[in-house]
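The values are calculated or read from the model by the stated rules, or taken from the named source; none is laboratory data. Keep in mind the model is a prediction, meaning the values are calculated, not measured. Because the Cβ atoms are built from the backbone with ideal geometry, glycine has one as well, and the counts that use them run over all protein chains shown. Ligands, DNA and RNA are stripped out before the accessible areas are found, and what is left, the full protein with its side chains, is counted by its heavy atoms. Shrake-Rupley method; radii C 1.70, N 1.55, O 1.52, S 1.80 Å.
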Amino acid sequence: MRFEYNIEAGNFSKAGDASSSFKKILKQLNVDPQIIKRIVVSLYEGEVNIVAHANGGKAICEVDTNLVRIHLVDVGPGIPDINKAMQAGYSTASARVREMGFGAGMGLQNIKNNADILNIQSEVGVGTELEIIVNLPKAG
Amino acid sequence: MKLSDVVSILNAEVICGQTRLEREVHAVFASDLMSDVLTIDSEKLLLVTGLVNIQTIRTSEMSDIKNIVLVRNKKASPEMIELAEENRMVIIQCSYSMFRACGLLFRHGVEPVY
């Protein structure tokens, strides 16, 4: 199953809409609540990053029998130094983002902690793509 | 501790979830930083925060946090209350500072997360 969500740049009142919708789907699919939490926290952090830093993007969420794969693709400034961006506490967030309770340089690290696999590709001036994979335990 | 006890201890006002005050809370996490809140993995948690915007509720939704105390007389917006109600949350508002609210709850036996 594949679900696609558009993410608007700068619209903090809608940040989290995609994560909320996908969470409802995962609940309906009877995914373990602890796994759901890891998936939606990762998705939500990524969604907030797109709202905060990019010029818009989308989340493509695929549910397979043994894993959930999320692609977060944005058009935006890109990340010049991914290793630096992964460091806890490193942030380029604006004052507005910080007012919303984010921008402390924890987002990518938090995604990494919740994902089984995190791949980041970024090109400066073009955009960033995150692939987040969370394994689902075998049924029964 | 029941949420009704939290309301009493903090001399607070319930603005969402009046019928859910029998719910138990075992631990408190206090933060204005939502990325910090997203790292918490604890059941029956009470979030104490001075951050009042829609992301407070969204973050709680993603973290499976159902109980929120807003400190320093911060007021939840109608949009926040609507989203909280949709997620069967309880929002409590109090005039105390975060330090005072946490101190009182700790003194009455609510555990810290760490």
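Counting only protein heavy atoms and a 1.4 Å probe, tell me what percentage of chain A's accessible area is made up of carbon and sulfur.
Values: 3310 of 6880 Å².
So the carbon and sulfur contribution to the accessible surface is 48 percent.
Quick query: amide H of B:V48 versus all other amide H atoms, modeled in the peptide plane; which residues come in under 5 Å with a sequence gap of 5 or more or a different chain?
Residues meeting the criterion, in which the H sits 1.01 Å from N, are B:F29, B:A30, B:S31, B:V69.
For B:E79 and A:E131, what does the FRET efficiency come to when R0 = 35 Å and r is the distance between their Cβ atoms, rounded to the nearest 0.05? The partial results should precede the final answer.
Details: r = 32 Å, r/R0 = 0.93.
Between B:E79 and A:E131 the formula returns 0.60.
Once B and A are treated as a pair rather than alone, how much accessible area drops out, both sides summed, in Å² to 100, probe 1.4 Å? Display every interim value, and only then the final one.
Details: alone 6050 and 7840 Å², together 12000 Å².
Chains B and A together bury roughly 1900 Å² of accessible area.
Taking θ as phi - 60°, what are the ³J(HN,Hα) couplings along the stretch B:80-85 by the Karplus curve (6.51, -1.76, 1.60), each to the nearest whole Hz, with x for Gly and Pro?
5, 5, 4, 5, 5, 5
How much length would be gained if the chain were fully extended between A:I117 and A:L67, taking 0.36 nm per residue of separation minus their Cα-Cα distance, in nm to one decimal?
Working: separation 50, 0.36 × 50 = 18.00 nm, distance 1.07 nm.
The A:I117-A:L67 span can extend by a further 16.9 nm.
Enter the mean number of other protein chain beta carbons within 10 Å of the beta carbon of each residue in A:15-22, as an integer. Present the calculation step by step, with values, prior to reporting the outcome.
Values: counts 3, 8, 1, 0, 3, 6, 0, 0.
Across the residues of A:15-22, the mean count of other-chain Cβ atoms within 10 Å is 3.
Work out which residues of the stretch A:77-109 lose at minimum 10 square angstrom of accessible surface when the other protein chains are put back, relative to the chain isolated, with a 1.4 angstrom probe, and list them by number.
So the qualifying set is A:E99, A:M100, A:G101, A:F102, A:A104, A:M106.
Can you give me the relative contact order of chain A as a percent, contacts being Cα pairs under 8 Å and 6 or more apart?
Details: 276 pairs, mean separation 37.6, N = 140.
So the answer I get is 27 percent.
Pull up the DSSP beta bridges for the protein assembly as shown and report the antiparallel fraction as a percent, rounded to 5.
DSSP beta bridges in the protein assembly as shown are roughly 70 percent antiparallel.
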